[in-house]
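The values are calculated or read from the model by the stated rules, or taken from the named source; none is laboratory data. Remember, predicted model here, so these are calculated numbers, not experimental data. Every residue, glycine as well, gets a Cβ built from its backbone with ideal geometry; the counts of neighbours run over all protein chains shown.
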Amino acid sequence: MKKVLVVSLGGIAGSLSRWVVSLAIVDHGFPWATLLVNYTGSVLLMILVLYSNQHKSPKWWWRPALGAGFCGGFTTYSAFSLKIEQYFTDGKISTAVIYALASLVGTYILVFATNEFFKTKWAK
């Protein structure tokens with residue numbers, strides 16, 4: 001039951017953070033806010049995974065709260081897929097492809113770069 005609570009609290013914090021980003025970045029024809037939170041959340045999750053692999057924490061709650069909770073609530077695959085569908089429905093095929101590639105390839109590049117940077121910093 002404790003894990004449910006910490007994941008829930010992390011999810012609330014992540015969802016509220018995503019909402020704040022969506023208020024701060026107005027999307028004028030391209031979902032910049034969604035792209036930013038998905039990039040940022042992926043990098044944060046990669047850092048969490050790398051850190052937890054190298055540092056055993058006595059605190060049982062931080063991985064579920066930050067990983068499944070915060071990063072899960074912060075990132076938004078559903079908004080990504082909904083926007084892609086909307087672009088296809090509106091006949092904006094090139095925008096859909098650009099957004100999909102920016103999301104998928106961009107995320108991979110950021111996660112790869114994060115892995116390369118931090119794995120040497122935290123190597124035992």
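Taken over the range 50-67, the residue count meeting the criterion of being of a type outside the set (Phe, Trp, Tyr) and in a helix (DSSP H, G or I) is 9. Name the one entry in Val26, Val20, Val43, Val97 that is within 30 Å of Lys119 (Cβ to Cβ) and among the β-branched types (Val, Ile, Thr). On inspection, the qualifying residue turns out to be Val43.
Residues considered: Val4, Val26, Val21, Val37. Of these, the only one that is hydrophobic (A, V, I, L, M, F, W, C) and over 20 Å from Gln86 (Cβ atoms) is Val4.
In the set Thr40, Thr114, only one residue is more than 30 Å from Lys2 (Cα to Cα), surrounded by 15 or more Cβ atoms within 10 Å (Cβ to Cβ) and of a type in the set (S, T, N, Q); that residue is Thr114. The set of residues in the range 68-90 that are in a loop (DSSP other than H, G, I, E, B) and closer than 26 Å to Val4 by Cα comprises Thr75, Thr76. When the residues of the range 9-37 are filtered to those that are of a type in the set (S, T, N, Q) and modelled with pLDDT under 95, which remaining residue is surrounded by the most Cβ atoms within 10 Å (Cβ to Cβ)? Taking the candidates together, the pick is Thr34.
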